[in-house]
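Engineer: Below you will find the structure I want to go over with you.
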Amino acid sequence: RDQLLFSYKGILYPRILYSPEVFKALESFEARRDDVILAGYPKSGTNWLSQILNDLIAISQKKTPGSESSVNAEEQEEFPYLEIGDSEKYERMSKLPSPRFMVTNLCPEKLPKSLFQNNAKILLLIRNPKDVATSYYHFSNGVATVPSYETWDDFFTDFMAKKTAWGCYLEYLSEWNKYADKENIMTITYEEVKENPALSVKNIATFFGIPLTEEQLQLVVERSSFQSMKKNSDKTHGSFGNVLFRKGTNWLEQMVKELADAKYTEEEMKERINAEKKLETFQRLEF
Ligand code: A3P
């Protein structure tokens with residue numbers, strides 16, 4: 001594990017992506033009021049929401065999402081993960097035109113103060129911890145950047161003990177929860193985007209002040225469906241496509257399938273699902 005991860009201010013990060021120097025340089029980053037920022041723990045659907053936000057930015061610039069001109073514009077920008085890059089990245093970013101798009105996997109205390117002082121708009125994405133953990137387990141066995149695990153039990157023990165990269169998800173949630181009521185932060189859940197993508201995209205666009213026609217809304221929704229993102233993933237995410245676009249579903253669907261396969265009686269199935277639902281509600285209340 002030590003070969004792949006290093007600790008910075010109490011949290012582990014993959015060495016290949018992060019460095020203490022860049023974390024230090026990040027402190028000088030000056031956020032702007034019109035930045036478009038997505039905050040989310042890895043595996044909570046950050047690539048999905050990134051796609052939606054990039055399309056909305058293209059629309060705000062009078063471009064058609066997915067067209068040549070919008071792709072070129074995206075390519076000219078810095079790698080969107082705020083904390084990944086080199087120490088000069090923030091100097092270069094200060095010269096980029098607005099709106100700048102960025103994603104962060106960091107807890108609020110690890111982010112530059114200007115993000116909160118300058119009232120930059122942040123979309124905070126959260127996902128049921130059970131699905132984040134499941135997705136992370138499969139991810140850790142599909143990429144070389146973080147340690148892999150032979151069994152779910154080994155993984156889950158480390159995940160809960162802050163021994164996996166990006167720290168404990170439950171702590172991440174409770175840290176961000178302190179900021180959730182701020183006017184410039186909009187919280188959205190993976191589950192609500194999945195259930196009603198059109199309404200979610202509309203709400204996100206309103207939050208960032210981007211007007212949308214019905215046609216544009218439909219285009220963004222269509223382009224961000226799990227099927228179309230998975231289909232395009234060779235182009236957008238290369239060899240990581242299969243790991244990043246795995247199932248795109250939630251524990252409930254998964255469980256119904258597992259229970260059906262195991263031929264439980266309907267009564268037993270209802271009981272299990274109700275028990276899980278209670279747990280789900282409890283977790284949401286806790287958040
Ligand atoms: P699963 O592994 O549960 O399938 P991140 O982008 O933050 O790494 O999150 C990855 C998770 O988001 C994966 O979850 C992936 O399948 C899911 N995901 C990616 N695109 C999606 C989409 N368009 N719709 C629903 N889920 C999506």
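The values are calculated or read from the model by the stated rules, or taken from the named source; none is laboratory data. This structure is a prediction, so every number in the text was calculated from the model and none was measured. Every residue, glycine as well, gets a Cβ built from its backbone with ideal geometry; the counts of neighbours run over all protein chains shown. Accessible surface areas use protein heavy atoms only, side chains included; no ligands, DNA or RNA. Shrake-Rupley method; radii C 1.70, N 1.55, O 1.52, S 1.80 Å.
Engineer: Across the range 233-251, what is the total count of residues that are assigned to a helix (DSSP H, G or I) and open to solvent by 60 Å² or more (accessible area, probe 1.4 Å)?
Structural biologist: Within the range 233-251, residues that are assigned to a helix (DSSP H, G or I) and open to solvent by 60 Å² or more (accessible area, probe 1.4 Å) number 6.
Engineer: To continue, here is another question. Would you say Ser44 is farther than 26 Å from Ala180 by Cα and modelled with pLDDT of 95 or more?
Structural biologist: no
Engineer: What about Arg92, is it touching a Ser or Thr at 6+ places or on another chain (Cβ under 7 Å) and at pLDDT 95 or above?
Structural biologist: No, not satisfied.
Engineer: So, one more: Mind listing just one residue for me: the one in the range 144-162 that is touching a Leu at 6+ places or on another chain (Cβ under 9 Å) and either among the charged types (D, E, K, R) or within 16 Å of the ligand (Cβ to nearest atom) (or both) and, of those, least open to solvent (accessible area, probe 1.4 Å)? Show your work before the answer.
Structural biologist: Keep residues of the range 144-162 that are touching a Leu at 6+ places or on another chain (Cβ under 9 Å), which gives 144-147, 160, 162.
The next check asks that each one be either among the charged types (D, E, K, R) or within 16 Å of the ligand (Cβ to nearest atom) (or both); those that pass are 144-146, 162.
Numbers: Ala144: 84, Thr145: 31, Val146: 5, Lys162: 79 Å².
Across the range 144-162, the extreme among qualifying residues is Val146.
Engineer: Within the range 176-225, track down each residue that is open to solvent by less than 40 Å² (accessible area, probe 1.4 Å), touching a helix residue (DSSP H, G or I) at 6+ places or on another chain (Cβ under 8 Å) and part of a helix (DSSP H, G or I).
Structural biologist: Trp176, Tyr190, Val193, Ala198, Ser200, Val201, Ile204, Ala205, Leu217, Val220, Val221
Engineer: Continuing with the same structure: Among the residues of the range 124-139, is any within 15 Å of the ligand (Cβ to nearest atom), aromatic (Phe, Trp, Tyr) and open to solvent by 50 Å² or more (accessible area, probe 1.4 Å)?
Structural biologist: No; the residues of the range 124-139 include none that is within 15 Å of the ligand (Cβ to nearest atom), aromatic (Phe, Trp, Tyr) and open to solvent by 50 Å² or more (accessible area, probe 1.4 Å).
Engineer: A further question follows. Could you tell me whether any residue of the range 49-57 is under 30 Å from Leu199 (Cα atoms), among the acidic types (Asp, Glu), at pLDDT 95 or above and more than 16 Å from the ligand (Cβ to nearest atom)?
Structural biologist: no
Engineer: Do you know which residues across the range 75-130 are more than 14 Å from the chain's Cα centre (by Cα), of a type in the set (S, T, N, Q) and not in a loop (DSSP other than H, G, I, E, B)?
Structural biologist: Correct list: Gln76, Ser114, Gln117.
Engineer: Here is a follow-up. Pairs, please: C-beta under 7 Å, at least 6 apart or cross-chain, first residue near the ligand (Cβ under 8 Å from one of its atoms) and in the range 36-48, second assigned to a strand (DSSP E or B)?
Structural biologist: Every condition considered, the pairs that remain are Gly40/Leu125; Ser44/Leu125; Ser44/Ile126; Gly45/Leu125; Thr46/Leu38; Thr46/Gly40; Thr46/Val103; Thr46/Leu125.
Engineer: Moving to a separate point now. Taking the range 211-260, which residues are over 21 Å from Pro197 (Cα atoms), within 14 Å of the ligand (Cβ to nearest atom) and either among the hydrophobic types (A, V, I, L, M, F, W, C) or at pLDDT 95 or above (or both)?
Structural biologist: Hits for the range 211-260 are Phe240, Val243, Met255.
Engineer: Further question on the same structure: Could you say whether any residue in the range 145-159 is under 29 Å from Asp55 (Cβ atoms) and out of contact with any strand residue (DSSP E or B) (no Cβ under 6 Å at 6 or more places or on another chain)?
Structural biologist: No; the residues of the range 145-159 include none that is under 29 Å from Asp55 (Cβ atoms) and out of contact with any strand residue (DSSP E or B) (no Cβ under 6 Å at 6 or more places or on another chain).
Engineer: Can you spot a residue in the range 96-109 that is loosely packed, with under 13 Cβ neighbours inside 10 Å, free of Cβ contacts under 8 Å to residues at least 12 places away in the same chain and over 21 Å from Ala165 (Cβ atoms)?
Structural biologist: yes
Engineer: Next question, about the same structure. Go through the range 184-208 and give me each residue that's of a type outside the set (S, T, N, Q), farther than 21 Å from Phe245 by Cβ and in contact (Cβ under 8 Å) with a residue 40 or more places away in the chain.
Structural biologist: Correct list: Ile185, Met186, Ala205, Phe207, Phe208.
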